[in-house]
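The values are calculated or read from the model by the stated rules, or taken from the named source; none is laboratory data. Keep in mind the model is a prediction, meaning the values are calculated, not measured. Every residue, glycine among them, receives a Cβ derived from its backbone with ideal geometry; neighbour counts consider all protein chains shown. The area values use the complete protein model at the heavy-atom level, side chains included, leaving out ligands, DNA and RNA. Shrake-Rupley method; radii C 1.70, N 1.55, O 1.52, S 1.80 Å.
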Amino acid sequence: MAETPPPGDTLQDIVGFKYPLPNLARSLKQRNTKIVAFGSSSTAGTRLVVPYPAYLELMLRNEFGTEMTSEFGKRMINVINRGVGGEEASTELPRMQSDVIDEAPALVIWQVGTNAVFRNTVPEFAFEKVFAAIAEGLDRLARIPADVILMDSQYTTAVVEKPEKKELSDTMVKGVSELAKAAGVDVFRRYALMEHWQKTIAMRELIDPADDLVLHLSDWATRNVTEALFNQIKKMVKAAEVT
């Protein structure tokens, strides 16, 4: 039996956000706050691992939802899970209007990149369609009063073990970061965080033991990734309140 990994490292220089979250900060002063988690299987969840949106909702409610507003009483914070397993940005884009924009969220967390790497077998034709879809999606989201966080790929065996897959993963992560910078939105560097953990934690501890694809996160990794994300959201909500 493997030992329990040490507590998750949420190093600021790895996962630190650049931009405040003013729309979320304003919404948290009202009665109801809605956040949409958009993406594929690591958003939707797998058979035995609770997905990160459920953990994030609990953390946000514990931090912000217990406070009272003079007009409405206790706040309600809902993280709506709009993950669909196996999809990538180019197949998510057609449902962005109905699954994300029509929900009128204060914050959108869009998890992208992994399936494009996992399924790709032709590196020279890697990601043009995916990057174009992400850019288009970010443009659509910029037209609504919502903050946006891009979440990049996970660092798991299926997408880093073979040198060609590791190269593709690095290319994808770099591209997502560049798209986020161009759009002026935060990127949550899940890949870099997990790569950092893997220096001291066995890869098997980061992967769902029931996943034959060795693609999806373990419960420990999911909870600690979520905690890192939550800490940055909390920090940038506070930053928005003082600007």
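Please give the solvent-accessible surface of Tyr55 in Å², to the nearest 10, using a probe radius of 1.4 Å with every protein chain present.
My reading of the accessible area for Tyr55 is about 40 Å².
Return a whole-number percent for the relative contact order of the chain, with Cα pairs under 8 Å and 6 or more residues apart as the contact set. Intermediate results must be reported in sequence, preceding the final value.
Values: 414 pairs, mean separation 70.0, N = 243.
Value for the chain: 29 percent.
Among the GluC sites (Glu not before Pro) in the stretch 125-220, which ones are in a DSSP loop with at most 14 other Cβ atoms within 10 Å of the Cβ? Mind listing them?
Values: sites: Glu128, Glu136, Glu161, Glu164, Glu167, Glu178, Glu195, Glu205; in loops: Glu161.
Listed in order of number, the matching sites are Glu161.
Taking every Cα atom in the stretch 101-206, find the radius of gyration and the maximum pairwise distance Dmax, and write them in Å.
When restricted to the Cα atoms of the stretch 101-206, Rg and Dmax are 14.6, 43 Å.
At q = 0.14, 0.21, 0.22, 0.26 Å⁻¹, what is the log10 ratio I(q)/I(0) for the stretch 137-195, with the Debye formula run over Cα points and no solvent?
Evaluating at q = 0.14, 0.21, 0.22, 0.26 Å⁻¹ gives log10 I(q)/I(0) of -0.43, -0.78, -0.82, -1.00.
Give me the one-decimal nm value for the distance between modelled label points at Gln198 and Arg31, 7 Å along each residue's Cα-to-Cβ direction.
A separation of 4.8 nm, rounded to one decimal place.
Calculate the FRET efficiency for Glu128 and Asn62 from the Cβ-Cβ distance with a Förster distance of 35 Å, rounded to the nearest 0.05.
Numbers: r = 42 Å, r/R0 = 1.20.
Efficiency, from the Cβ-Cβ distance: 0.25.
Can you list residues from other chains, or at least 5 along the same chain, whose modelled amide H is less than 5 Å from the amide H of Leu217?
Residues meeting the criterion, in which the H sits 1.01 Å from N, are Asp208.
Show me the trypsin sites (Lys or Arg not before Pro) within the stretch 159-214 that DSSP assigns to loop and that have at most 16 other Cβ atoms within 10 Å of their Cβ. Could you put the intermediate results ahead of the total?
Working: sites: Lys165, Lys166, Lys174, Lys181, Arg189, Arg190, Lys199, Arg204; in loops: Arg189, Lys199.
In loop regions of the stretch 159-214 (DSSP not H, G, I, E or B), the sparsely surrounded trypsin sites (Lys or Arg not before Pro) are Lys199.
Over the Cα atoms of the chain, Rg to Rh with Kirkwood Rh, two decimal places? Show your work: numbers first, answer last.
Numbers: Rg = 17.4 Å, Rh = 18.2 Å.
So for the chain, dividing Rg by the Kirkwood Rh gives 0.96.
In nm, give the distance between the simple-model label positions of Leu213 and Gln12, each being 7 Å from the Cα along the Cα-to-Cβ direction.
Each label point is offset 7 Å from its Cα along the Cβ direction, giving 3.7 nm.
Just to be sure I follow the rule: in the chain, considering lysines 8 or more places apart or on different chains, how many pairs have Cα atoms under 17 Å apart?
15
Along the charge dipole of the stretch 122-243, Cβ charges K/R +1 and D/E -1, which of Gln232, Ser177, His196 sits furthest on the positive end?
Of Gln232, Ser177, His196, it is Gln232.
What accessible area, in Å² to the nearest ten, does a 1.4 Å probe give for Thr91?
Answer for Thr91: close to 70 Å² accessible.
Starting from the Cα-Cα distance between Ala135 and Lys174, subtract it from 0.36 nm times their residue separation and give me the gain in nm to one decimal. All intermediate terms of the calculation are to be shown ahead of the outcome.
On the way: separation 39, 0.36 × 39 = 14.04 nm, distance 1.39 nm.
Result for the pair: 12.6 nm of gain on full extension.
State the percentage of accessible surface on the chain attributable to carbon and sulfur atoms; use a 1.4 Å probe and exclude ligands, DNA and RNA. Intermediate results must be reported in sequence, preceding the final value.
Numbers: 6030 of 11350 Å².
Solvent-exposed carbon and sulfur of the chain make up 53 percent of the total.
What are the membrane-span-like helices in the chain by this rule: whole DSSP H runs, Cα extent along the axis at least 27 Å, mean Kyte-Doolittle hydropathy at least -1.0?
On the way: long enough: 163-183 (30 Å, -0.50); 219-241 (33 Å, -0.47).
Long hydrophobic helices here: 163-183, 219-241.
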